[in-house]
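In what follows, a structure is listed as structure tokens, so that the remarks can point back to it.
The numbers here are math on the coordinates, done by the rules we state, and not lab data. All figures in this text were calculated on a predicted structure; none of them were measured in a lab. Positions of Cβ are generated from backbone atoms using ideal geometry, with glycine treated the same way; all protein chains shown enter the neighbour counts.
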Number of protein chains: 2
Amino acid sequence: MFIHREFHSSQAGAAGHPRFFEGIRLSATARHREKELIYAQGDEAGDIYIVEFGCVRVSRITLEGRRLVTGFYFAGEVFGFETGTERQCYAEALEYSGTRTFHLEGRDLANPRIAEMLFDHLESIHQHLLILGTQNAIERVAAFLVGIADRRGVDGPRARLPMSRCDIADHLGLTLETVSRAMHRLQALKLIRLVGAREIVLLDRDALIDLGA
Amino acid sequence: MFIHREFHSSQAGAAGHPRFFEGIRLSATARHREKELIYAQGDEAGDIYIVEFGCVRVSRITLEGRRLVTGFYFAGEVFGFETGTERQCYAEALEYSGTRTFHLEGRDLANPRIAEMLFDHLESIHQHLLILGTQNAIERVAAFLVGIADRRGVDGPRARLPMSRCDIADHLGLTLETVSRAMHRLQALKLIRLVGAREIVLLDRDALIDLGA
DNA sequence: CGTTTTCTTGAGGACGTTCAACCTATGTGG
DNA sequence: CCACATAGGTTGAACGTCCTCAAGAAAACG
């Protein structure tokens, strides 16, 4: 997704306030502290969010109280698409983050950039579905780490993980213990290197993709 | 989803040929034999399908050769939404079926009925994700059976299953043996009754929902 | 009626979960 | 500055669920 670049190239307004993005009026940047709730389950849907900096986690709780983390969103990425009038998911800042919003009207879907965002979102859900439906633990973790590393700009093969093991587990349909073990197994296989708990280096990206693709 | 009723209420053309659906020109009904391929992975995307009768299975194969059945579609339901220009999924008739198509242009998304279809699709994927991400075997099967029964019109609690155990398994991320065992466990629990292998009666819908919701 | 496909059922094993202990990092207050 | 508390992460052992492999039963088909 290349919304990233285009977003940042939007013309600068005074002191970073309401600008336009592809003909859509964006709100001013909202800043969120670590762990701050951005929107809650039950809130009115309709606003779409663009991450300016930081990282956002979007989750959903089932009736049995189990959590599914539907996605993590980094700078330049878009979240907040929901189907009904009420949000089924809730969003939280994983670290100090900035977001901008715009209101999505039905007619806006005719805007090709908006449609592209929606289709990108659809595609990422589909990818997630494929992982949950067909892969085992180590494949899931490999796919996840490659996905994260690919999205963190041009840091090279190094990536910071702003989310906890539990977040990853709830994203991949595993337990946090299994995620921890899988990461250490990937390290033993020399496919990644762990730098503390919250940073990784991809040592053999191709092998990781073979595992997780 | 109520597209069903509206679709059938569209004005009758001569001998059932090109009619309109919410201002969209529909193709004539295409008829597909059992097991017939409707579209293939790699085909050009852009056409959206409406099932007129029968049942369609949409699947996707991973690089490792594993199959995920992304959905089953019955009369009145819509399938064929894809993100890129090339299809990632392929669709097959599970039984003798009829479909109509229309071509989706970007501007059509401004049509609220089209947008509604897309959002319904998004919602069903999300539901699927929730199942694969949080539920165990018996819960998945319970949720699946309720979902099927709810969509098969007003047959009451009885539903025919046009798909095989293997199809169900590949839809739920299980094996066909596990699906078979789960269904017989649900029968032992008196939540369903199996009428042969391809028909079920829901005996305790609420308990099934409790399990699978 | 035999052939083929699909479904069921059993036994054994692998993978992931559960439970528990321990470790590490970070932050707080004395 | 250190003692302690807290949250997150790692590791081990035991268990359970689901998968694999295999055989047999039941439908579907020609």
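HN-Hα J couplings of segment B:196-213 from phi, Karplus 6.51/-1.76/1.60, θ = phi - 60°, integer Hz, Gly and Pro as x?
Couplings: x, 8, 10, 8, 9, 10, 7, 9, 9, 4, 4, 5, 5, 5, 4, 5, x, 6 Hz.
Nearest 20 debye, what's the magnitude of the dipole of segment A:3-132 about its Cα centre given +1 on Lys and Arg Cβ and -1 on Asp and Glu Cβ? Intermediate values should be presented prior to the final figure.
Values: 14 positive and 19 negative charges, 49 e Å.
With only Lys, Arg, Asp and Glu charged at Cβ, the dipole is about 240 debye.
From the residues A:ALA110, A:VAL201, A:ALA30, which one has its Cα farthest along the dipole of chain A in the positive direction, the dipole being from +1 and -1 charges on Cβ of Lys/Arg and Asp/Glu about the Cα centre?
Among A:ALA110, A:VAL201, A:ALA30, the one farthest towards the positive end of the dipole of chain A is A:VAL201.
For n ≥ 4 DSSP H runs only, could you compute -39500 (n - 2.57) per run for the protein assembly as shown, divide by its residues and tell me the 222 nm figure to the nearest 500?
-10500 deg cm²/dmol
Pick from A:THR70, A:THR101, A:THR134: which residue has the top mean-square fluctuation in a GNM of chain A where Cα pairs under 10 Å get a spring?
Comparing A:THR70, A:THR101, A:THR134 in a Gaussian network model of chain A, the most mobile one is A:THR134.
For chain B, which longest stretch is free of loop sites, where a loop site is one of the trypsin sites (Lys or Arg not before Pro) that DSSP puts outside H, G, I, E and B and that has at most 13 other Cβ atoms within 10 Å?
B:36-189
Specify the angular offset, from 0 to 90 degrees and rounded to the nearest 10, of the alpha carbon long axis of helix A:176-188 from the longest principal axis of the alpha carbons in chain A.
That works out to roughly 60 degrees.
For segment B:22-172, what D do you get in µm² per second when you plug the Kirkwood radius from alpha-carbon pairs into Stokes-Einstein at 4 °C and 1.567 mPa s? Kindly include the intermediate steps, with their values, before the conclusion.
Details: Rh = 16.2 Å.
This corresponds to a translational diffusion coefficient of 80 µm²/s.
Taking N as the number of residues in the protein assembly as shown, what is its alpha-carbon radius of gyration divided by 2.2 N^0.38 Å?
1.02
Can you give me the relative contact order of chain B as a percent, contacts being Cα pairs under 8 Å and 6 or more apart?
This gives 19 percent for chain B.
Can you tell me which of A:LEU176, A:LEU130, A:LEU186 moves the most in a GNM of chain A? Springs connect C-alpha atoms under 10 Å apart.
A:LEU130
Kindly provide log₁₀ I(q)/I(0) values, in the same order as q = 0.10, 0.11, 0.18 Å⁻¹, from the Debye equation applied to equal alpha-carbon scatterers of segment A:102-191.
Summing over Cα pairs of segment A:102-191 leads to -0.35, -0.42, -0.88.
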